[in-house]
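Right, one structure below, let's go through it.
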């Protein structure tokens, strides 16, 4: 940089920076007076903290956009994300009475919110042992009814709980399946 007339060593000193958090800022208090001399380490005002991100605790990303409702405010959680960073949504949440009434510890503990799919998803509830050849969220089942009876069918696992898997399939109509093969009859089959 010295060859361009700048003798800087590349470091950035705090005294050489100014923080501008947004286009406009709500100020809690201001002590500086126009024309007064202010020391470089003196506080001239107080700006309240802003809500900058909401993260879904222990959440997993979805390949689809989802709808999030926090403190009565509705927004869209983008696909492949567990963090809500939309400034307008966060500002609206921070302006609600429910959010403002929380203590700092309460805010750190988190907010209650609901998360739903943007568009409905048809899923089939099957015993977890009926899904075999699992790789990530993909696997196979063997229907004992419908057009694909007795043949392995590719599925995606969209949820699981208490020994049950929720599955969906792009290649077949899962609503036509009423019976699924489970147990040792799956051992010799290949998924793929």
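The values are calculated or read from the model by the stated rules, or taken from the named source; none is laboratory data. The structure presented is a predicted model; accordingly, all values stated were derived computationally and were not measured. All Cβ positions, even for glycine, are placed from backbone atoms using ideal geometry, and neighbour counts span all protein chains on display.
Points worth noting:
- Tally, over the stretch 151-192, of residues that are more than 15 Å from residue 125 (Cα to Cα) and surrounded by fewer than 11 Cβ atoms within 10 Å (Cβ to Cβ): 8
- Taking the listed residues 137, 101, the one that is within 28 Å of residue 58 (Cβ to Cβ) and surrounded by 12 or more Cβ atoms within 10 Å (Cβ to Cβ) is 137, with no other qualifying.
A quick yes/no check of all residues on (1) surrounded by 10 or more Cβ atoms within 10 Å (Cβ to Cβ); (2) within 26 Å of residue 108 (Cα to Cα); (3) modelled with pLDDT of 80 or more:
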| position | (1), (2), (3) |
| --- | --- |
| 14 | no, no, no |
| 18 | no, no, no |
| 26 | no, yes, no |
| 30 | yes, no, yes |
| 36 | no, no, yes |
| 44 | yes, no, yes |
| 47 | yes, yes, no |
| 55 | yes, yes, yes |
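- Enumeration of residues in the stretch 104-128 that are under 30 Å from residue 175 (Cα atoms) and surrounded by 14 or more Cβ atoms within 10 Å (Cβ to Cβ): 115, 123, 124, 126, 128
- For the condition surrounded by 14 or more Cβ atoms within 10 Å (Cβ to Cβ) and assigned by TED's automatic domain parsing to the domain that holds residue 64, residue 86 qualifies.
- Flag if residue 165 is outside the structural domain of residue 64 (by TED's automatic domain parsing) and either assigned to a loop (DSSP other than H, G, I, E, B) or within 24 Å of the chain's Cα centre (by Cα) (or both): yes
- Qualifying residue in the stretch 63-79 (condition: out of contact with any strand residue (DSSP E or B) (no Cβ under 7 Å at 6 or more places or on another chain), modelled with pLDDT under 85, over 24 Å from residue 97 (Cα atoms) and part of a loop (DSSP other than H, G, I, E, B)): yes
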